[in-house]
Structures are given as structure tokens and as C-alpha cells.
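Asker: First the structure, then my questions, so here it is.
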Amino acid sequence: MESKWSKVIIHASAFFAPFLVPILFFLISSEDNVKRIAMQALLFQVIFGIFIAIAIIFTFLLIGLPFLIVFLAIFWIAPIIGIIKALSDREWNYPIVGRWV
């Protein structure tokens, strides 16, 4: 599969299979760039899932609501930016986890 479309599918998987698709692409792809994006996508989903869970807990104390709104916005917007960048064949890293992988 072409690298460009592999990246698009990995980024878009955040909306339908956030853990399964990046793991599958990491295992079956032979391209290092696709593996890097798959690992970033997986780490991004896990970390922001934890952030959102913590924000939900703090929402009961009314201090987590702003964090919840920000984290959910990033959780939805970041994959869309990734899809746009992948379609234009430009390099893009996920926020926070992009430097780790």
C-alpha cells in the first residue's frame, strides 16, 4: 500500500478504530515512516484517553470542565490535521508524542 494512503488511514482511524488500526499498520508495514506515524497515533490516543479520563474525574469538582473541553478538541482536531498533511505529502507529528517517537 502506498505510504500516503497508509498515513491517511492511520490518522482517520482515530474516529473508528483508534487502537486496532495503528497496531496493525505497525505490524504489517515495512516502511519506517508509516511505523513511526502508527506508533505516534497509538500513543496519542492512549495519552489523550488518560487526559480525558482525568478531566472527567475533575469535572465533578468543576475544575476539570475547561480541561475536558480542550482535551476533547485536541483529540478530534489533531487527526484531522494529520489527514490533511498526509494528503498533501507533508511531514506532521502528533502533539506531545511527536518528539518521543
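The values are calculated or read from the model by the stated rules, or taken from the named source; none is laboratory data. Fair warning: this is a prediction, and the values are worked out from it, not measured in the lab. All Cβ positions, even for glycine, are placed from backbone atoms using ideal geometry, and neighbour counts span all protein chains on display. Just the protein is used for accessible areas: all its heavy atoms, side chains included, with ligands, DNA and RNA removed. Shrake-Rupley method; radii C 1.70, N 1.55, O 1.52, S 1.80 Å.
Asker: So for region 57-64 (the condition being open to solvent by less than 40 Å² (accessible area, probe 1.4 Å), at pLDDT below 90 and under 14 Å from His11 (Cβ atoms)), does at least one residue qualify?
Answerer: No, that holds for no residue.
Asker: Now for a separate question. Of the numbered conditions (1) more than 9 Å from the chain's Cα centre (by Cα); (2) crowded, with 20+ Cβ neighbours inside 10 Å, Leu27 satisfies every one except a single condition; which is it?
Answerer: Every listed condition holds for Leu27 apart from (2).
Asker: Among the residues of region 5-21, count how many are in contact with a helix residue (DSSP H, G or I) (Cβ under 6 Å, 6 or more places away or on another chain) and farther than 17 Å from Trp76 by Cβ.
Answerer: Residues flagged as in contact with a helix residue (DSSP H, G or I) (Cβ under 6 Å, 6 or more places away or on another chain) and farther than 17 Å from Trp76 by Cβ within region 5-21 amount to 2.
Asker: Among the residues of region 65-95, write down those that are over 19 Å from Phe15 (Cβ atoms), in contact (Cβ under 8 Å) with a residue 24 or more places away in the chain and not charged (D, E, K, R).
Answerer: The one that is over 19 Å from Phe15 (Cβ atoms), in contact (Cβ under 8 Å) with a residue 24 or more places away in the chain and not charged (D, E, K, R): Asn93.
Asker: For Gly98, all conditions in the list (1) in contact (Cβ under 8 Å) with a residue 40 or more places away in the chain; (2) open to solvent by 50 Å² or more (accessible area, probe 1.4 Å); (3) not polar (S, T, N, Q) hold save one; what is the number of the exception?
Answerer: Of (1) in contact (Cβ under 8 Å) with a residue 40 or more places away in the chain; (2) open to solvent by 50 Å² or more (accessible area, probe 1.4 Å); (3) not polar (S, T, N, Q), only one is false for Gly98: (2).
Asker: On the basis of being open to solvent by less than 70 Å² (accessible area, probe 1.4 Å), modelled with pLDDT under 90 and over 17 Å from Val101 (Cα atoms), does Leu68 make the cut?
Answerer: yes
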